[in-house]
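Below: the structure, in structure tokens.
The values are calculated or read from the model by the stated rules, or taken from the named source; none is laboratory data. Computed from a predicted structure; not experimentally measured. Every residue, glycine as well, gets a Cβ built from its backbone with ideal geometry; the counts of neighbours run over all protein chains shown.
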Amino acid sequence: MLTRIKKKGSSATSKASRVLLALTLAGSLLAACSKEAPATSSNAGANSKGNEVQQTSSFSYWSILDANASSSVTQLGHVEFYKQLETKTGVKINFSHPPVGSEDEQFNLTIASRDLPDIMEYGWLMYPGGPEKAIQDNVIIELNDLIDQHAPNIKKYLDENPEIAKQVKTDNGVLYVVPSIGIGTVNTFSGPLVRKDWLEDLGLPVPETIDEWTTMLRAFKEKKGASAPFTMLINHSQKPNDIIVGAFGVGREFYLDNGQVKFGPMEPGFKDYLTLMRDWYKEGLLDPDIGANDKKTLDAKMSSGKSGAVFGFAGSSIGVYLNANKDKNPEYDLTAAQYPVLNKGDEPKFINRADSYRPQGSAAITTSNPDPVSAIKWLDYYFTEEGHMLKNFGVEGLTYTLDNGFPKYTDLIMKNPDKLSIAQAMGKYLRANYPSPGFVNDDRYLEQYYELPQQKESIKVWGKYENNSIGVKMPLVSATPEESQKLAKIMSDINTYADEMYIRFIMGEESLDNFDKYVAQIKKMNIEEAIQLQQAAVDRFNKR
């Protein structure tokens, strides 16, 4: 059996010291060194004829532990899917997971230590310098030859779907991960969410325009007693989820305008957006605590009736809010609203549509892996029909039954005897409801995962105009190592400044008469160079 002893780091080191140590070590050590469903015609997976993995193979595997799984297991090896996977492939996987809240820090520490696991599941586009820098730094390996020679199912899918393959490769054509690929017809899982029962009581339509949103929020405040009619998160990771800014024809970060990269927070439309948000804030329509909200407080406000509108998710948000009020307030109801526009009849463009390639659920093989051939064969099994069914639906008779060929989840998933929610039950037995290597978001899964009618309706509403986002959304570009270093330096300062000014403008601490001075300051901080670097990356992406 292929095993290695792993060194353990000191648990006494403070979080700040560990971050500093990670960055210091990383700097010194690295310097020194057409969508389709899974194919059914080829099952040449890890335990199939012609592509056998050595029965004694054992690999260490680093990944984030999703909340739905952590509610019932302490590591992925305890999930029923992985138990079955070991039996079918003969490969033992030893999982390690970073503590919740310190995932990026622990990733950096792992890279800096050079004590690498054999396989790492991470969003490698976020690696400083990009995937090719991770290869140059001797952290992960190129997969092109391995996939060509030993992963027939991955190769077949990428060959048959060149537009998706383009997202997975670097500008130089390097395959660096076994990807997580979204299939099916649903690509938009989040958007504006409002109190349907309040709208009905007030005789108001589901809002479409900014004026209708203003009318609705005023009614929520004045007639429903909402202290934070519209609530939101404004931390950096939530910027792409801003549901209002797109009505003014700009993005919250970098976006495309007829193929040209622009930075939303410096565009004229952003001033109009800030003017609206400031007016809402002054009138008490916008949550007064927006600068301090986290997801927990946001969910509490929306569940309790302090808020009546929010950016929400079909799975987590709708289910959480409705279940929280099922007994104490049975009249509580929600409906999805379209991403708002300025004028009636306009179609929204800035929609939170998922890319086909899901970087966060994709797996790279590290340079520490003693047997990359067996590892890629094992990962190839995810792309077989058998592997796809096992990952997404589990064991026939246990977690699903076939109903005229349709894999129907059993009560173990849908009505779990241990009172687990559907999401939690899936987390215990499957790996279906969050990104992972192979195929995700099978329509047959989504039809059952979104059990509530409000959930089913929401993805229809939010997805109606989702293809409009293709023209404005930044593609999954890769900056060169040199570009990445420059971008990181420039954008770190700009994002800090822009985020600070965003709050000051909205809360009235800074006059909007100073917007031009604010833009001038961003230009002094070299935003135009950053835009040029992003444009170069987009142009290279388009030529792949």
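Do we find that residue 401 is farther than 28 Å from residue 471 by Cα and surrounded by 17 or more Cβ atoms within 10 Å (Cβ to Cβ) in this structure? Taking the combined requirement at face value, the residue does not satisfy it.
Every residue, every condition in (1) touching a helix residue (DSSP H, G or I) at 6+ places or on another chain (Cβ under 6 Å); (2) small (Gly, Ala, Ser); (3) buried (at least 21 other Cβ atoms within 10 Å of the Cβ); (4) within 18 Å of residue 346 (Cβ to Cβ), yes or no:
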| position | (1), (2), (3), (4) |
| --- | --- |
| 231 | yes, no, yes, no |
| 234 | no, no, no, no |
| 248 | yes, no, yes, yes |
| 263 | yes, no, yes, no |
| 273 | yes, no, yes, yes |
| 278 | yes, no, no, no |
| 281 | yes, no, no, no |
| 285 | yes, no, yes, no |
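For segment 135-155, the criterion of being in a helix (DSSP H, G or I), in contact with a Leu (Cβ under 7 Å, 6 or more places away or on another chain) and either at negative phi or small (Gly, Ala, Ser) (or both) is met by at least one residue.
Note on segment 64-114: enclosed helices (runs of 4 or more DSSP H) holding 1 or more residues that are within 19 Å of residue 369 (Cβ to Cβ) and of a type outside the set (A, V, I, L, M, F, W, C) are 80-89, 103-113.
For residue 508, the conditions (1) surrounded by 14 or more Cβ atoms within 10 Å (Cβ to Cβ); (2) at positive phi all hold with the exception of (1).
When each of 500, 529, 483, 447 is tested for being buried (at least 17 other Cβ atoms within 10 Å of the Cβ), part of a helix (DSSP H, G or I) and not aromatic (Phe, Trp, Tyr), the lone residue that passes is 483.
The residue list 213, 198 contains one member that is assigned by TED's automatic domain parsing to the domain that holds residue 321, among the aromatic types (Phe, Trp, Tyr) and over 24 Å from residue 466 (Cβ atoms), which is 198.
Screening residue 31 against (1) at pLDDT below 50; (2) in the same structural domain as residue 373 (by TED's automatic domain parsing); (3) touching an Asp or Glu at 6+ places or on another chain (Cβ under 7 Å) leaves a single unmet condition, (3). In this structure, residue 193 qualifies as touching a Gly at 6+ places or on another chain (Cβ under 6 Å), buried (at least 20 other Cβ atoms within 10 Å of the Cβ) and of a type outside the set (S, T, N, Q). When the test is whether a residue is in contact with a strand residue (DSSP E or B) (Cβ under 9 Å, 6 or more places away or on another chain), hydrophobic (A, V, I, L, M, F, W, C) and closer than 19 Å to residue 73 by Cβ, residue 376 does not pass it. Of the residues 374, 368, the single one that is surrounded by fewer than 22 Cβ atoms within 10 Å (Cβ to Cβ) and of a type in the set (S, T, N, Q) is 368. Of all residues in segment 96-114, those being polar (S, T, N, Q) and under 18 Å from residue 131 (Cβ atoms) number 2. When 289, 242, 294 are checked against the criterion of being charged (D, E, K, R), modelled with pLDDT under 95 and crowded, with 20+ Cβ neighbours inside 10 Å, a single residue qualifies: 242.
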